[in-house]
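One structure below.
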Amino acid sequence: MITKGETDMAKRFITTSMWEKPNWRKLPVRLKVVWFYLISKCNHAGIWECDIDLLSFQIGEDYTLDEIMEAFGSQIVELGDNKFFLSKYISFQYGVLNPSVRVHQSVIKLLKKYNIQYEYSELSVKDKDIDKVKDVDTKKKEFAKRVEKEVINMKLDPVMIKEFIEYWTEHNDGGQVLRYQQQSIFNVRKRMSTWVKNSKKFNTNMKFQSASDEDIAKREARIEAEYQEQQKRFKQADNNTASDEERKKELGLL
């Protein structure tokens with residue numbers, strides 16, 4: 001449970017430029033109110049404990065979680081246990097987190113508590129210098145240990161875990177930044193669950209023992225293409241519609 005101490009914060013920043021953004025302009029008023037509610041009710045790390053009945057009562061309108069998630073998309077990340085993370089909240093409210101700042105220390109502690117991997121946020125200048133020195137192999141080994149530890153209770157095929165690690169630790173020629181490090185947040189269990197679902201969706205062999213490198217590359221390309229196509233549809237729906245109902249029709253939800 002998120003305690004009273006975690007939610008107590010007198011002020012939250014907003015930007016006046018939000019009113020100029022097409023996606024915000026197209027939101028119906030009832031959903032604009034929800035966004036202000038979320039940034040007011042989340043704790044100071046941007047984590048909101050979902051209570052749709054309370055939200056509806058306090059705003060004075062009836063809502064569903066599906067409606068809210070559809071409206072705000074990737075700006076709200078499900079953490080499990082009825083908790084959600086406002087993915088852009090920290091960068092907007094604090095900028096770069098500094099472990100030497102007391103408030104930031106508290107935020108970092110909550111990120112760890114809820115298993116939110118907020119890349120680059122926990123590194124001091126000294127830590128960043130040390131991280132640059134690490135070679136790619138060391139980073140891969142550290143990521144592999146982290147994945148194996150966090151999915152130990154998911155009863156997955158070891159080969160699937162290995163391929164998940166290989167995919168997210170790829171990097172460009174001469175690059176020092178691995179693929180997973182390019183994500184603003186990286187929840188291992190959530191990503192792994194999506195990996196399993198996509199594998200089933202594309203009728204892949206769940207054991208993968210006989211899969212060639214070419215087969216693996218093709219499967220990963222299909223998964224990535226499906227994701228990009230979904231994001232494209234969302235963007236087109238935002239650009240082509242003016243109401244929530246029209247957006248749902250554009251996405252084939254009505």
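Here are a few things to note about the model shown:
- Dipole magnitude of segment 54-93, debye to nearest 20 (Cβ charges: Lys/Arg +1, Asp/Glu -1, about Cα centre): 300 debye
- Subset of Lys41/Lys155; Lys83/Lys145; Lys11/Lys112; Lys112/Lys140; Lys190/Lys218; Lys88/Lys139 violating a 31 Å alpha-carbon distance limit: Lys41/Lys155
- To the nearest 10, the accessible area of Ser17 is 50 Å² with a 1.4 Å probe.
- From most to least packed by mean Cβ count within 10 Å, the peptides 160-166, 76-82 give 160-166, 76-82.
- In sequence order, segment 177-183 has phi-based couplings of 9, 7, 4, 5, 6, 7, 8 Hz under the Karplus curve 6.51 cos²θ - 1.76 cosθ + 1.60, θ = phi - 60°, and Gly or Pro positions carry x.
The values are calculated or read from the model by the stated rules, or taken from the named source; none is laboratory data. Please read all numbers here as calculations on a predicted model, not as lab measurements. Virtual Cβ from ideal backbone geometry, glycine too; neighbours counted across all protein chains shown. To get the accessible areas, we keep the full protein, side chains included, count just its heavy atoms, and leave off ligands, DNA and RNA. Shrake-Rupley method; radii C 1.70, N 1.55, O 1.52, S 1.80 Å.
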